[in-house]
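Down below is the structure, laid out as structure tokens.
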Amino acid sequence: GNSVTQMEGPVTLSEEAFLTINCTYTATGYPSLFWYVQYPGEGLQLLLKATKADDKGSNKGFEATYRKETTSFHLEKGSVQVSDSAVYFCALSDPANQAGTALIFGKGTTLSVSS
Amino acid sequence: KAGVTQTPRYLIKTRGQQVTLSCSPISGHRSVSWYQQTPGQGLQFLFEYFSETQRNKGNFPGRFSGRQFSNSRSEMNVSTLELGDSALYLCASSLEATKPNSPLHFGNGTRLTVT
């Protein structure tokens, strides 16, 4: 079946460090891929998405490229800030669900950035 | 614009009881999805409602049910509660049901504890 695997956390970085959070997926068909973020005390919110192979999603300095050949969607940021401390979830939309509302999530990676 | 509102924030129930959780989507959003979040299984899709009809369903037993009202507000019900139902239940709304992969907007969740 469809699944998402993302790297275990927590990830602890100093401000201005480079961030990579790995995400790989297994899916039949051609899913759309997402990164959601949950800041402390807030609900999950969409960070970025990519809907087809080789698409690059970007937002707030974060980027991820949909790599079909490696079934990956790794999240990167060149210089993290303390305000980026949050839990990050990789997700895919079940290709059978055209509305894209039935998401399959990874377990989440906690990022902690210190100044 | 008000976000997704879930009530109550916390619930404590006893095994065998039933419970009803409520979700008010963002104004104008017609799709409401429900997710269960546990430390072991992570975020799992329960079901999605659109225009008062269940459009998608995850792999949960029939004890889990839901409904949507004409104003798009949604409720989910869990009957015959089990200890394993203890979880954070998240509701998410989406604006455009015909445009795939519209962002999901999540509420802060209802924390259910079954004793």
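The values are calculated or read from the model by the stated rules, or taken from the named source; none is laboratory data. Bear in mind the structure is a predicted one, so any value in this text is a computation, not a measurement. Here the Cβ positions follow ideal geometry from the backbone for every residue, glycine too, while neighbour counts run over all protein chains shown. Heavy atoms of the whole protein, side chains included, go into the accessibility calculation; ligands, DNA and RNA do not. Shrake-Rupley method; radii C 1.70, N 1.55, O 1.52, S 1.80 Å.
Report the percentage of all Cα-Cα pairs in chain B whose separation exceeds 25 Å, rounded to a whole percent.
Percentage above 25 Å: 16.
Determine which lysines satisfy two conditions relative to A:Lys107: a Cα distance under 25 Å, and not lying fewer than 8 residues away in the same chain.
Answer for A:Lys107, where 25 Å is the Cα cut-off: A:Lys49, A:Lys52, A:Lys56, A:Lys60, A:Lys68, A:Lys77, B:Lys57, listed by chain and number.
Just give the residues from the stretch A:73-115 buried by at least 10 square angstrom of accessible area in the all-chains context relative to the isolated chain, probe 1.4 Å, and say none if nothing qualifies.
Those are A:Phe89, A:Asn97, A:Gln98, A:Ala99, A:Gly100, A:Thr101, A:Ala102, A:Leu103, A:Phe105, A:Lys107, which lose 10 Å² or more relative to the chain on its own.
To the nearest 100 Å², how much accessible surface do chains B and A cover up together, summed over both, with a 1.4 Å probe?
Counting both chains, the buried surface is close to 1600 Å².
What order do you get for B:52-63, A:29-40 when each peptide is scored by the mean count of other beta carbon atoms within 10 Å, highest first? Display every interim value, and only then the final one.
Details: B:52-63: 13.1, A:29-40: 19.8.
Ranked from most to least packed, the peptides come out as A:29-40, B:52-63.
With a 1.4 Å probe and all protein chains left in place, how much accessible area per residue does chain B have, in Å²?
Result: 48 Å² per residue.
Just tell me how shielded B:35-45 is by partners: mean number of partner chain Cβ atoms within 10 Å of each residue's Cβ, no decimals.
Counting Cβ atoms of other protein chains within 10 Å of each residue's Cβ and averaging gives 4.
How much accessible area per residue does chain A have, counting only protein heavy atoms and a probe of 1.4 Å, in square angstrom?
About 46 Å² of surface per residue is accessible.
Using DSSP to define loop residues, name the chymotrypsin sites (Phe, Trp or Tyr not before Pro) in the stretch B:53-96 whose beta-carbon has at most 13 other beta-carbon atoms within 10 Å.
Working: sites: B:Phe64, B:Phe69, B:Tyr89; in loops: B:Phe69.
Of the chymotrypsin sites (Phe, Trp or Tyr not before Pro), the ones in loops of the stretch B:53-96 whose Cβ has at most 13 other Cβ atoms within 10 Å are B:Phe69.
Using protein chains only and a probe of 1.4 angstrom, how many square angstrom of A:Ile104 are accessible, to the nearest 10?
Counting only protein heavy atoms, A:Ile104 exposes about 40 Å² to solvent.
Considering only DSSP states other than H, G, I, E and B, which GluC sites (Glu not before Pro) in the stretch A:22-97 qualify as loop sites with at most 16 other Cβ atoms within 10 Å?
Numbers: sites: A:Glu42, A:Glu63, A:Glu69, A:Glu76; in loops: A:Glu42, A:Glu69.
Within the stretch A:22-97, the qualifying GluC sites (Glu not before Pro) (loop, at most 16 other Cβ atoms within 10 Å) are A:Glu42, A:Glu69.
When averaged across all projection directions, what area in nm² does the alpha-carbon convex hull of the protein assembly as shown cover?
12.4
Which value results for Rg/Rh of the stretch A:23-115 when Rg is the Cα radius of gyration and Rh the Kirkwood radius based on the inverse mean 1/r?
Using Cα coordinates only, the ratio equals 0.97.
Relative contact order, percent, of chain A when contacts are C-alpha pairs under 8 Å separated by at least 6 residues?
For chain A, the relative contact order is 36 percent.
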